[in-house]
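Accompanying notes for the structure given below.
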Amino acid sequence: DAGVTQSPTHLIKTRGQQVTLRCSPKSGHDTVSWYQQALGQGPQFIFQYYEEEERQRGNFPDRFSGHQFPNYSSELNVNALLLGDSALYLCASSHPWGNTEAFFGQGTRLTVV
Amino acid sequence: DQQVKQNSPSLSVQEGRISILNCDYTNSMFDYFLWYKKYPAEGPTFLISISSIKDKNEDGRFTVFLNKSAKHLSLHIVPSQPGDSAVYFCAASEVSSNTGKLIFGQGTTLQVKP
């Protein structure tokens, strides 16, 4: 049973560029959430996708956008990269309702230079 | 606005002893709480959870206690093992909101010495 997989694992981008991160959820899960983890901090909720729509959004600017495909996989796009966007980006999958734990991928380490 | 706080950045214990990690929250709407463990270069791994209708949940060496009146939860690891050395995050959610959004604390780095 494949868990949550993310690609790429590491990425270096220049300030002002755009980046796309990808995530495949755990088998049987249809809900995907994205988190940003800055150094020394806990993960911060960016947004969640369910049934190909953004269901809830955290306190992140519109430069952060996403998409969910019919096979439940998801992309996170960040435009006009800033140095402060350097972080570990985590994807988590879960069931959409009730008490349910989220399963995380290994993350994508994004460095903006 | 830090709704979930882990006030101890680090904790060091001897192998075989008890590890107690603490977490406080401010939002009384939170009704589901989770603990995750994270090793370097890996994503967080789910450890144990507790619903607000309970005050204790146990799974092997791991026990989570919830004190709703104090808005406080703790994770007890007994006995502690060197392999438990990792960063531990507590997280909270409002199940009633049906979003699954998790609010995380800043994490506590646990070191278990042989």
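The values are calculated or read from the model by the stated rules, or taken from the named source; none is laboratory data. Everything quoted here is computed from the prediction, not taken from an experiment. Cβ sites come from the backbone with ideal geometry, for glycine too, and all protein chains shown count toward neighbours. Accessible surface areas use protein heavy atoms only, side chains included; no ligands, DNA or RNA. Shrake-Rupley method; radii C 1.70, N 1.55, O 1.52, S 1.80 Å.
Are there any strands (runs of 3 or more DSSP E) wholly within segment A:18-100 with 2 or more residues that are touching a Lys or Arg at 6+ places or on another chain (Cβ under 9 Å), more than 13 Å from chain B (Cβ to nearest Cβ) and at pLDDT 95 or above, and if so which?
In segment A:18-100, the matching strands (runs of 3 or more DSSP E) lie at A:74-78.
Tally time: how many residues in segment B:93-114 are under 24 Å from B:A41 (Cα atoms), within 11 Å of another protein chain (Cβ to nearest Cβ) and touching a residue at least 40 places away in the same chain (Cβ under 8 Å)? Give the steps one after another, and end with the answer.
If we filter segment B:93-114 for residues that are under 24 Å from B:A41 (Cα atoms), which is where we start, we get B:101-114.
Those left that are additionally within 11 Å of another protein chain (Cβ to nearest Cβ): B:101-109.
The next check asks that each one be touching a residue at least 40 places away in the same chain (Cβ under 8 Å); those that pass are B:102-109.
The number of residues fulfilling the criteria is 8.
Any residue in segment B:56-72 that is aromatic (F, W, Y) and more than 23 Å from A:Y35 (Cα to Cα)?
yes
If A:E53 satisfies all but one of (1) free of Cβ contacts under 8 Å to residues at least 40 places away in the same chain; (2) under 30 Å from B:N7 (Cβ atoms), what's the number of the condition it fails?
Among (1) free of Cβ contacts under 8 Å to residues at least 40 places away in the same chain; (2) under 30 Å from B:N7 (Cβ atoms), the lone unmet condition for A:E53 is (2).
Answer with yes or no whether A:T111 is over 10 Å from the mean Cα position of the chain (by Cα) and either under 25 Å from B:W35 (Cβ atoms) or in a strand (DSSP E or B) (or both).
So A:T111 passes the test.
Give the residue that is least open to solvent (accessible area, probe 1.4 Å), with candidates limited to residues of segment A:101-113 that are within 14 Å of another protein chain (Cβ to nearest Cβ) and polar (S, T, N, Q). Steps first, please.
Let us first name the residues in segment A:101-113 that are within 14 Å of another protein chain (Cβ to nearest Cβ), namely A:101-109.
When the remaining residues are screened for being polar (S, T, N, Q), the result is A:106, A:108.
Working: A:Q106: 62, A:T108: 0 Å².
Residue satisfying both the conditions and the ranking: A:T108.
List every residue pair whose Cβ atoms sit under 7 Å apart, with the two residues 6 or more apart in sequence or on different chains, where the first one lies in segment A:81-96 and is charged (D, E, K, R) and the second, anywhere, is surrounded by 23 or more Cβ atoms within 10 Å (Cβ to Cβ).
A:D85/A:V78
Scanning segment A:1-17 for residues that are in a strand (DSSP E or B) and among the β-branched types (V, I, T), which turns out farthest from the chain's Cα centre (by Cα)?
Only one residue tops the list, namely A:I12.
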